[in-house]
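The values are calculated or read from the model by the stated rules, or taken from the named source; none is laboratory data. Quick caveat, the model's predicted, so the values are computed rather than measured. For neighbour counting, all protein chains shown are included, and Cβ atoms are generated from backbone atoms with ideal geometry for every residue, glycine included. We work out accessible area using only protein heavy atoms, side chains counted, and drop any ligands, DNA or RNA first. Shrake-Rupley method; radii C 1.70, N 1.55, O 1.52, S 1.80 Å.
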Amino acid sequence: AQAGLEAGRARLQTELASAKTLLASTNQELADATEAAALNNRMHSEGEQRRRLLEEELASRQAAVELLTAAVDAKTKAAEALQTQLAQSHEKVDLLTQQTNG
């Protein structure tokens, strides 16, 4: 009977050691999965941050293009007005020249 108890005890100790090994392995897998999830979350967060920065940069550049376009339009209109004034001045000079010579 004593030998049977010893054998049963040895078997239980072997099963306990096996369960402890399985538990340690499971805990390591859980730790690895938690670390991977944290890394994934960090990368996602960094990606979102980068996306927001790029969107802000795009909006800033679009605003700059709109300002430059408005400036070009204003300068074009000013140049057209100057061309009109120049043409009118030439007409006046031509009239004065004709009156003086005529």
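Counting Lys +1, Arg +1, Asp -1, Glu -1, what net charge surrounds residue 42 among other residues with beta carbon under 14 Å of its beta carbon? Residues close to residue 42 contribute a combined charge of -2.
Averaged per residue, what accessible area in Å² does the chain show with a 1.4 Å probe, protein chains only? Mind dumping the intermediate values first?
Numbers: 9250 Å² over 102 residues.
That works out to 91 Å² per residue.
Modelled spin-label separation between residue 31 and residue 101, with each label point placed 7 Å from Cα along the Cα-to-Cβ direction: 10.3 nm.
Using only the alpha-carbon atoms, how far is helix 2-101 inclined from the longest principal axis of the chain? Give it as 0 to 90 degrees, nearest 10. The angle comes out at about 0 degrees. Calculated from the alpha-carbon coordinates, the stretch 1-100 shows an Rg and a Dmax of 42.7, 146 Å respectively.
What number comes out for the charge environment of residue 63, summing +1 per Lys or Arg and -1 per Asp or Glu over other residues with Cβ under 14 Å away? Mind dumping the intermediate values first?
Working: positive: 61; negative: 55, 56, 57, 66.
Here the charged neighbours net out to -3.
Of the accessible area of the chain, computed with a 1.4 Å probe over protein heavy atoms only, carbon and sulfur atoms account for 59 percent.
Remark: spin-label model distance residue 81-residue 61 equals 3.4 nm, labels positioned 7 Å along the Cα→Cβ axis.
Express in nm, to one decimal, how much length is gained between residue 2 and residue 50 on full extension, taking 0.36 nm for each residue of separation and deducting their alpha carbon distance.
Values: separation 48, 0.36 × 48 = 17.28 nm, distance 7.08 nm.
Gain on stretching residue 2 to residue 50: 10.2 nm.
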